Amino acid sequence: MRTDVLVVGAGISGLTCASRLTEAGLRVVVQESRARVGGRIRTFRPADGGPALELGAQVVHGARNPVHAVMGGDRMETVPRDVAARVVEDGVAADMGVLARGRRGPWALEAELNAAPTDADVSVGDRLRSRCADAAEERAAREWYRQNWAADPDEVSAPAVAAAHRADAVGGGEYAVSGGFDRLPEQLARSLDVRLGCPVDLLDWSTGQVRAHGAQGVLRAGAAVVTVPPQVVVSGRLRIGGLPATKWQAAKDLPAGDGYCVVVTLSAPAPESAVVFDVDGAGGFTRSRAGRPEVLIVAKAGAAAAVRAATRESGGLTALLARSLPWTRSARVLATEAADWGNDPWSGGAFTAPRTGARDAAVLWAEPIENTLFFAGEATVCGRELPWVQGAIASGERAAAQILSGVAR
């Protein structure tokens with residue numbers, strides 16, 4: 001079979017790119033390894049029809065986020081702010097405001113670092129060491145960065161993080177897609193030729209010709225858009241013939257940080273809506289909703305490994321939850337559903353943080369090859385835009401524009 005363009009991966013970047021190309025009149029096939037669309041968007045729905053919970057991307061940032069235009073304003077909701085904000089520090093639960101009493105809260109330190117960029121490619125860890133007043137202030141800020149960037153601050157480029165924040169133009173506020181985040185990829189995929197459960201094993205190509213090999217046979221196209229995370233290429237799950245050495249190095253310089261999300265269904269409902277930040281690095285962020293028996297844990301970096309281990313150990317989740325939500329001590333764990341992004345072969349992690357010493361990696365990974373192979377995905381905007389859904393959308397639109405520009409010539 002032959003098509004004009006093959007898109008590898010049905011995440012938000014791939015679906016966005018395929019939508020733009022289809023609208024322009026090109027024949028597009030999207031091949032996806034998973035049995036669903038959405039990539040690192042994954043929604044959990046309670047059996048009783050309760051509110052959806054997100055096991056991947058959490059919220060839509062900004063009133064000007066392009067998601068609003070895709071879904072329509074009537075299918076977007078403002079994320080409620082009337083929740084109790086708490087923290088666990090040295091094993092003790094307290095109001096989150098304690099992190100700003102007599103010291104700067106991690107969110108304030110983050111804002112300071114983003115407002116004072118430097119040309120020197122220093123790490124966030126170096127900046128925190130030079131700015132924090134004491135060990136407690138620095139410790140909380142470090143864990144804050146781990147949970148927001150899925151990487152250790154000593155590895156994350158401070159100027160690249162600041163640049164990504166400055167480039168973000170979506171505005172303030174947090175929003176949710178009504179009914180669940182996975183409604184977004186479903187909307188994008190509605191009019192597309194998406195083939196699920198069809199991993200591409202090998203992309204063989206020459207200028208103007210692509211051959212995608214997989215268990216279903218060979219698909220031929222005039223161009224291909226690679227939207228899978230670079231780690232999928234590094235691991236060999238997607239092999240690209242004749243990949244230049246600079247591309248290969250760029251892929252290795254763009255690892256995705258560890259991430260683990262789990263919904264824990266308990267035998268008792270939560271007495272309040274709350275969000276708890278674990279400074280100790282054992283639990284990431286834990287969220288409960290008043291009147292609901294589900295608790296959501298979203299953990300990145302070292303905390304992801306800790307929560308993963310707790311999920312596997314007898315009584316591990318009970319002990320972990322008791323630290324952040326004391327009311328759970330009298331409840332039993334009835335069920336769990338986890339998304340282990342760090343061990344997911346098609347994601348290789350949560351998302352990509354800009355690393356020191358590799359500030360050009362995303363640019364190199366994003367560059368087309370001989371107007372035949374194109375690249376999209378949040379990793380291609382790493383260090384220039386935020387790696388949230390708006391960054392994925394922007395990368396898909398850029399790749400589509402590159403292809404259409406080539407067709408025009």
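Could you give me the residue pairs with C-beta distances under 8 Å whose first residue belongs to the stretch 12-31 and is farther than 11 Å from THR227 by Cα and surrounded by fewer than 24 Cβ atoms within 10 Å (Cβ to Cβ), whose second residue is modelled with pLDDT of 95 or more and basic (Lys, Arg) wherever it lies, and which are 6+ apart or on separate chains?
Short answer, once both residue conditions are applied: VAL29/ARG195.
Looking at the stretch 358-379 only, could you name the residues that are within 22 Å of the chain's Cα centre (by Cα), surrounded by fewer than 22 Cβ atoms within 10 Å (Cβ to Cβ) and either within 17 Å of VAL7 (Cα to Cα) or modelled with pLDDT of 95 or more (or both)? Reasoning before the result, please.
If we filter the stretch 358-379 for residues that are within 22 Å of the chain's Cα centre (by Cα), which is where we start, we get 358-367, 374-379.
If we keep only those that are surrounded by fewer than 22 Cβ atoms within 10 Å (Cβ to Cβ) as well, we get 358-360, 363-364, 366-367.
VAL363, LEU364, ALA366, GLU367 - these are the residues of the stretch 358-379 that are within 22 Å of the chain's Cα centre (by Cα), surrounded by fewer than 22 Cβ atoms within 10 Å (Cβ to Cβ) and either within 17 Å of VAL7 (Cα to Cα) or modelled with pLDDT of 95 or more (or both).
Go through (1) outside any loop (DSSP other than H, G, I, E, B); (2) without any contact (Cβ under 8 Å) to a residue 40 or more places away in the chain; (3) more than 29 Å from ALA167 (Cα to Cα) one by one and return the number of the condition THR3 breaks.
(2)
Answer with yes or no whether LEU15 is assigned by TED's automatic domain parsing to the domain that holds GLY222, over 15 Å from the mean Cα position of the chain (by Cα) and part of a loop (DSSP other than H, G, I, E, B). Before the answer, list the steps.
Details: assigned by TED's automatic domain parsing to the domain that holds GLY222: yes; over 15 Å from the mean Cα position of the chain (by Cα): yes; part of a loop (DSSP other than H, G, I, E, B): no.
Criteria not met by LEU15.
How about the stretch 72-114: which of its residues are crowded, with 19+ Cβ neighbours inside 10 Å and more than 30 Å from PRO326 (Cβ to Cβ)?
Matches in the stretch 72-114: LEU113 only.
Hey, among the residues in the stretch 93-152 that are touching a Leu at 6+ places or on another chain (Cβ under 6 Å) and assigned to a helix (DSSP H, G or I), which one's farthest from THR328 (Cα to Cα)? Give the steps one after another, and end with the answer.
As a first pass, look at the stretch 93-152 and keep what is touching a Leu at 6+ places or on another chain (Cβ under 6 Å): 105, 127, 138, 140-141.
Now narrow it down to the ones that are assigned to a helix (DSSP H, G or I): 127, 138, 140-141.
Details: ARG127: 38, GLU138: 30, ALA140: 25, ALA141: 27 Å.
Looking at residues that are touching a Leu at 6+ places or on another chain (Cβ under 6 Å) and assigned to a helix (DSSP H, G or I), I get ARG127.
Condition first: closer than 19 Å to GLY14 by Cβ and basic (Lys, Arg). Now tell me which residues in the stretch 221-270 satisfy that.
The answer is ARG237, ARG239, LYS247.
From ASP253, ASP193, ASP182, which residue is at pLDDT 95 or above and under 30 Å from THR311 (Cα atoms)? It would help to see each step written out before you state the result.
Working: ASP253 fails: under 30 Å from THR311 (Cα atoms); ASP193 fails: under 30 Å from THR311 (Cα atoms).
One residue alone meets the criteria, ASP182.
Out of (1) of a type in the set (Val, Ile, Thr); (2) crowded, with 19+ Cβ neighbours inside 10 Å; (3) touching a residue at least 40 places away in the same chain (Cβ under 8 Å), the odd one out for VAL233 is which?
(3)
Sort through SER347, SER330 and tell me the only one that's under 20 Å from the mean Cα position of the chain (by Cα) and polar (S, T, N, Q).
Working: SER330 fails: under 20 Å from the mean Cα position of the chain (by Cα).
The unique qualifying residue is SER347.
The values are calculated or read from the model by the stated rules, or taken from the named source; none is laboratory data. Since the structure is predicted, the reported quantities are computational estimates derived from the model, not experimental observations. As a convention, Cβ positions derive from the backbone with ideal geometry for all residues, glycine included, and neighbour counts pool all protein chains shown.
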